[in-house]
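Derivation of every value follows stated rules applied to the coordinates shown; laboratory data play no part. A quick note: this is a predicted structure, and the numbers were derived from the prediction, not measured. Heads up, the Cβs are rebuilt from the backbone with ideal geometry, glycines too, and the neighbour counts pull from every protein chain shown.
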Amino acid sequence: MGLVRFLRGAKLLGQTKLVPGMTIAEHGEDAGVEIPTNCTSGNCGTCMITLLLGEIDVPEILPPGLYEEIVEEGARLGCIGIPSGDVDVDILPPI
Ligand code: FES
C-alpha cells in the first residue's frame with residue numbers, strides 16, 4: 001500500500017494511505033490538508049500542486065488548467081490527479 005504525503009516546503013503537513021482511484025484533493029481531505037479547489041474538473045488551475053516524488057499521470061491532452069512547461073516542473077492538478085503508488089506533493093504550484 002502506498003502513502004500520500006503533503007508538504008509545504010520542507011514541512012510535512014499530513015499524510016494518508018493511498019486509495020487507488022482517488023484524487024490528490026480527496027487524499028488531502030483524508031490527511032486533513034486542504035487543497036483549494038474551484039472547478040474540480042481540470043479547467044481553472046486553482047488546485048495546482050507540485051509533484052515532488054512518485055507518479056501522478058496527466059491526461060495525454062492537457063486540460064486547460066495545465067500546460068507543458070509547468071507539467072515538466074512537476075505541476076499537477078489536485079482535483080483530477082490520481083496518484084499511483086507513493087507520492088510526495090507540495091501543496092503549492094511549482095511557479
Ligand atoms: S479545481 Fe479547477 S483545475 Fe482543479
- line: Rounded to whole Å, √(5λ) for the Cα gyration tensor eigenvalues of the chain, largest first, gives 19, 13, 13
- prompt: What nm value, rounded to one decimal, do you get for the distance between Thr46 and Val71 when each label is placed 7 Å out toward the C-beta?
  reply: 2.3 nm
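What list do you get for Asp86, Asp57 if you sort them by fewest beta carbons within 10 Å?
By the 10 Å Cβ count, ascending: Asp57, Asp86.
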statement: Counting only backbone N atoms under 20 Å from a point 7 Å out along Cα-to-Cβ of Asn38, the residues of the stretch 1-26 in range are 24-26
query: From the phi of every residue in the stretch 80-88, what ³J(HN,Hα) in whole Hz does the Karplus formula 6.51 cos²θ - 1.76 cosθ + 1.60 yield, where θ is phi - 60° and glycine or proline is x?
result: 10, x, 10, x, 10, x, 4, 9, 10
